[in-house]
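Here's the structure, in structure tokens; my notes come after.
The values are calculated or read from the model by the stated rules, or taken from the named source; none is laboratory data. Not measured: the values here are computed from a predicted model. When we count neighbours, we look across all protein chains shown, and the Cβ atoms used for this are built from the backbone with ideal geometry, even at glycine. Calculation scope for accessible area: heavy atoms of the full protein, side chains included, ligands and nucleic acids excluded. Shrake-Rupley method; radii C 1.70, N 1.55, O 1.52, S 1.80 Å.
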Amino acid sequence: MTMVFLVFMSTVFVNNFVLAQFLGLCPFFGVSRKVETGLGMGAAVTFVLVLAAAACFVALNFILVPLDIVFLANIVFILIIAAIVQVVELYLKKSSPTLYRSLGIYLPLITTNCIVIGAIIINAERFTDNFVLSIVHAAGAGLGFTLAIVLLASIREKIEYCNVPAPFKGFPIALVSAGLMAIAFMGFSGLISL
């Protein structure tokens with residue numbers, strides 16, 4: 001149980017994919033204008049990550065390894081992720097058209113999101129024999145992404161009402177804010193070592 005907690009906390013805070021490893025920056029900056037949109041994107045990425053981690057674990061351990069075709073792992077992982085993203089996209093289109101429109105092009109791009117494929121590859125390397133840790137790692141990666149995008153979205157919403165110098169308006173102040181967030185998250189480095 002301690003290892004599950006450590007993997008989760010490490011993935012969310014210490015090794016945050018966005019703020020410590022700088023993966024998934026495209027949707028991080030693209031969808032972080034409003035907190036609601038950031039929450040929607042974070043939930044979608046977390047959902048895709050957990051389902052993909054489970055499906056890829058099964059595919060790797062019960063199909064690819066027994067058939068000795070592990071060299072096809074990345075291709076199989078991408079296909080599984082793409083299928084899951086399609087299901088999520090169809091679900092959001094039916095259940096929440098407003099969120100679907102606000103996520104725009106970033107929703108289908110979850111398929112190629114560095115966080116998703118990165119977490120799945122890390123799972124395949126580190127947690128090949130532990131399904132629970134694989135799922136916990138994926139959930140932590142998704143929640144870490146959600147935390148980062150919601151924090152940046154809330155900062156960007158507050159900055160809209162501030163008097164920002166002209167050269168920093170828009171995307172430059174978002175970069176500065178994200179940089180300061182990354183520096184703040186560096187305070188967690190070394191807290192947990194796995």
**Asked** Which one of these is within 23 Å of GLY144 (Cβ to Cβ), modelled with pLDDT under 95 and touching a Pro at 6+ places or on another chain (Cβ under 9 Å): LEU39, LEU109, LEU92, LEU99?
**Response** LEU109
**Unique match (being of a type in the set (S, T, N, Q) and either in contact with an Asp or Glu (Cβ under 8 Å, 6 or more places away or on another chain) or farther than 23 Å from GLY144 by Cα (or both)) among ASN123, ASN61** = ASN61
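Each row is one residue, and each column tells you yes or no for (1) touching a Phe, Trp or Tyr at 6+ places or on another chain (Cβ under 8 Å); (2) among the polar types (S, T, N, Q); (3) within 20 Å of ILE183 (Cβ to Cβ); (4) open to solvent by less than 40 Å² (accessible area, probe 1.4 Å).
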| position | (1), (2), (3), (4) |
| --- | --- |
| PHE8 | no, no, no, no |
| VAL14 | yes, no, yes, yes |
| GLN21 | no, yes, yes, no |
| LEU25 | no, no, yes, no |
| GLY30 | yes, no, no, yes |
| GLU36 | no, no, no, no |
**Item:** Enumeration of residues in region 55-66 that are assigned to a helix (DSSP H, G or I) and over 10 Å from ASN123 (Cβ atoms)
**Value:** ALA55, VAL58, ALA59, ASN61, PHE62, ILE63, LEU64
**Prompt:** Looking only at region 121-143, which residues are in contact with a Leu (Cβ under 8 Å, 6 or more places away or on another chain) and under 17 Å from ALA44 (Cβ atoms)?
**Reply:** ALA138, ALA139, ALA141, GLY142
**Considering residues of region 109-131 that are farther than 14 Å from LEU49 by Cα and not β-branched (Val, Ile, Thr) only, the residue least open to solvent (accessible area, probe 1.4 Å)** = PHE127
**Prompt:** Inside region 77-191, counting only helices (runs of 4 or more DSSP H) that do not spill past its ends, which hold 1 or more residues that are more than 25 Å from ASN15 (Cβ to Cβ), in contact (Cβ under 8 Å) with a residue 12 or more places away in the chain and not basic (Lys, Arg)?
**Reply:** 97-103, 131-159, 171-185
**Message:** Looking at region 116-134, can you tell me whether even one residue there is within 16 Å of the chain's Cα centre (by Cα), within 15 Å of LEU23 (Cα to Cα) and of a type outside the set (A, V, I, L, M)?
**Reply:** yes
**Request:** Determine, yes or no, whether LYS93 is more than 17 Å from ALA119 (Cα to Cα), over 14 Å from the mean Cα position of the chain (by Cα) and surrounded by 14 or more Cβ atoms within 10 Å (Cβ to Cβ).
**Result:** no
**Complete:** Exception for ALA43 within (1) part of a helix (DSSP H, G or I); (2) more than 21 Å from THR111 (Cβ to Cβ); (3) open to solvent by 10 Å² or more (accessible area, probe 1.4 Å); (4) of a type in the set (Gly, Ala, Ser) falls at (2)
**Message:** Tell me yes or no: at least one residue of region 186-193 is surrounded by 17 or more Cβ atoms within 10 Å (Cβ to Cβ) and of a type in the set (Val, Ile, Thr).
**Reply:** no
